1. Mean residue ellipticity at 222 nm from the helices of the chain, using -39,500 (n - 2.57) per DSSP H segment of n ≥ 4 over the full residue count, to the nearest 500 deg cm²/dmol?
2. On each of the three principal axes of the Cα atoms of the stretch 334-399, give max minus min coordinate, whole Å, ordered largest first.
3. As a test of reading the structure, rank Lys418, Lys453 by solvent-accessible area (1.4 Å probe, protein chains only), most first.
4. Please report the carbon-and-sulfur percent of the accessible area for the stretch 126-255; probe 1.4 Å, protein heavy atoms only, DNA, RNA and ligands left out.
5. Put a dot 7 Å past each Cα toward the Cβ at Ser431 and Asn335; how far apart are the dots in nm?
6. Quick check on the stretch 25-81: what does the Kirkwood estimate of hydrodynamic radius come out to from the alpha carbon pairs, in Å?
7. Report the accessible area of Tyr250, computed with a 1.4 Å probe over the heavy atoms of all protein chains in place, in Å² rounded to the nearest 10.
8. To one decimal place, what orientation-averaged projected area in nm² is obtained for the convex hull of the Cα set of the stretch 62-101?
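The values are calculated or read from the model by the stated rules, or taken from the named source; none is laboratory data. The structure displayed is predicted, hence computed values, not measured ones. Heads up, the Cβs are rebuilt from the backbone with ideal geometry, glycines too, and the neighbour counts pull from every protein chain shown. Surface accessibility is based on the protein's heavy atoms, side chains included, excluding ligands, DNA and RNA. Shrake-Rupley method; radii C 1.70, N 1.55, O 1.52, S 1.80 Å.
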Amino acid sequence: MIEKQLYSACTSILIGKKASIDGSIMIGRNEDSKAAWPKNYIIHPREMHVDSQIFKSNANKFTMPPLPKLAYKYSATPEWTLDEGYFEEDGINEFNVAMSATESAYTNDNVLSIDPLVADGIGEEAMLNVVLPYVKTAREGVLRLGQIVERYGTCETNGILFADLNEAWYMETAGGHQWVAQRIPDDSYAVVSNQLAIQNIDFADPENFMWAPSIVEFVTQNNLNPALDGSFNFRNIFGTDSLQDQYYNYPRVWYGLKMFSPELEYTPTSNDMPFINKANRKLSVNDAQAYLASHYQGTQYDPVGNSSVADKKRFRPPVSLAKTQESHVLQLRPNMPKEAAGIQWLAMGVAAESTFVPFYSGATQTPPDSYHNAQATFNPDNAYWVYKHASVLVDAHYGLFESKLQDAQAELRQHFGKIIADTDQKVMHYSDIELKTLLTKVNFQNAELGLTKYRQLTSELITLATDMSPLNYKHDTNL
């Protein structure tokens, strides 16, 4: 198994509870792979199996026996087909543990020559399936996945996001069997883009760091640490600093710092940007979504802006790009009842041209007509294809259609914000069963609201585009 190639362009954000405007913890990511590769959105119910279950991957030969007999309820966004693997990617379980897997990254050759990737080890496509249904806290999630990597190895280098009602964690794997994780400080945020990002590990602070038990011995025995001062910088020991990083990865981190910490003086190709940062303001869920939907706007590097062709080609890709399958922000709100604490904000297709629809994680099901049974070809009833349809139309005439898209997005943000605020006021007065019914109903209404608005948008755009053919002409009255 080789490292993921250039088309893997996921970007992640993690926000601590004291760094957010409402005290919530947020983790989010763009899932980027293919331009026309639909996703479903489902909820797996809690299930007690009579016999122990065995997980078998469709992507490689990874097999994991046995799984616990009790699997907790959790949400997920699997592929339209399981032929190439599950790729469930993101979800929140019944204990309000959120997980997003994965942020693809790269291990350097020094490490891979000693601890190579394991062809039949665990990969991105399987991680959610074998972790999220079996943990009650974010820390448990990190430890469970870490133990799996140690035992079975991994076929990829990845970053994995975890959160619960108390804290957020970012975990990274490297080589075939190594891993570390860092707790995001409550007053801080982090942005990551296809590189190993965690820096100095404090082995005397297990409250804020976790690691593979043999990692220090592995690094020491194999003379892998380049630090002159003896510090243990995971990024420098295991990661890369290549031209690909400079033009493909660092700029997306730079843009996140530009958005939230503009006082920091870095360039798009700086290789020393910190993993942990503090914003110049409290961050909202809209801020997290705006980063995941960004494309270097306001700079000369915007591929759809007014910059020169040379500048447009300089940095690829932006945070939001055509190969995004879905984008998500998993928001956990400690001040809310259990069933209403988690919200899975989900934007199908390209985040910059889609809309983040809020789904309470306490619901019992997702809309079957629009979020299940996606197919590879266009289907006007499917949520992925509804949002992708609008995206394709906007791309064809971006300068003319951008304002109409942004008006639709702003209208939906306001509607969704009001619906969440109104629903939050009601939840205190419902029993658990009544609350699950209410939240399921609200989720279905939110889904339909987004789809209705985008169908209206595409109808308007198609009508406007009918007179924009290159075969058109202006009537010359002088003839």
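1. Values: 13 runs with 147 residues, N = 479.
For the chain, the value works out to -9500 deg cm²/dmol.
2. If we take the Cα atoms of the stretch 334-399, the spans are 45, 29, 12 Å.
3. On the way: Lys418 125, Lys453 45 Å².
Largest accessible area first, the list is Lys418, Lys453.
4. Answer for the stretch 126-255: carbon and sulfur cover 47 percent of the accessible area.
5. 2.9
6. Values: mean 1/r = 0.0709 Å⁻¹.
Computed over the stretch 25-81, the radius equals 14.1 Å.
7. Estimated to the nearest 10 Å², Tyr250 gives 10 Å².
8. On the way: hull surface 14.3 nm².
Computed as one quarter of the Cα hull surface, the answer is 3.6 nm².
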